[in-house]
1. Restricting attention to segment 68-90, does a residue exist that is under 20 Å from I44 (Cβ atoms) and in contact with a Cys (Cβ under 6 Å, 6 or more places away or on another chain)?
2. Can you pull out the strands (runs of 3 or more DSSP E) entirely within segment 33-72 that have at least 2 residues that are over 15 Å from the mean Cα position of the chain (by Cα)?
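Nothing in this text is a laboratory measurement; each read-out follows from the coordinates by a stated rule. Because the structure is predicted, anything quoted here is derived from the model rather than measured. Positions of Cβ are generated from backbone atoms using ideal geometry, with glycine treated the same way; all protein chains shown enter the neighbour counts.
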Amino acid sequence: MSVTIKKTNAKVSASELAYVNKNLDKLKNFLRSENNIHVELQNITKHKTGLIARAEITIMPKPGIYADAFGNDFFEAIDLCIPKIKEQLMKNKDRVVSQRRRLGAKRKRSA
């Protein structure tokens, strides 16, 4: 599993890097070793609200899972993004497990 963290128009600080890695560890039960995780952090300037942070997480290659979230800072945006990714990973894993069980039951009945 390889993780790429990119921050638009700035460098990723050590605290942001540690925070992203700590939160991605929550997802390691659902990921395979060949998955590539791409995290992009971006500052967006809004007219009246000021500076807003955006976090985007993409997991490739097989499932193609994507989530993004907006927050007041990067930590809040990441906190909002992780549950979205976890839900998609759980849904995918449940689908694969139920297909495997259905196939096994079908083979058992035919034997």
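1. As a first pass, look at segment 68-90 and keep what is under 20 Å from I44 (Cβ atoms): 68-82, 84.
Of the ones still in play, those that are also in contact with a Cys (Cβ under 6 Å, 6 or more places away or on another chain) are 69.
Yes, some residue in segment 68-90 is under 20 Å from I44 (Cβ atoms) and in contact with a Cys (Cβ under 6 Å, 6 or more places away or on another chain).
2. Values: elements: 36-46, 50-60, 65-71.
The strands (runs of 3 or more DSSP E) meeting that bar are 36-46, 50-60.
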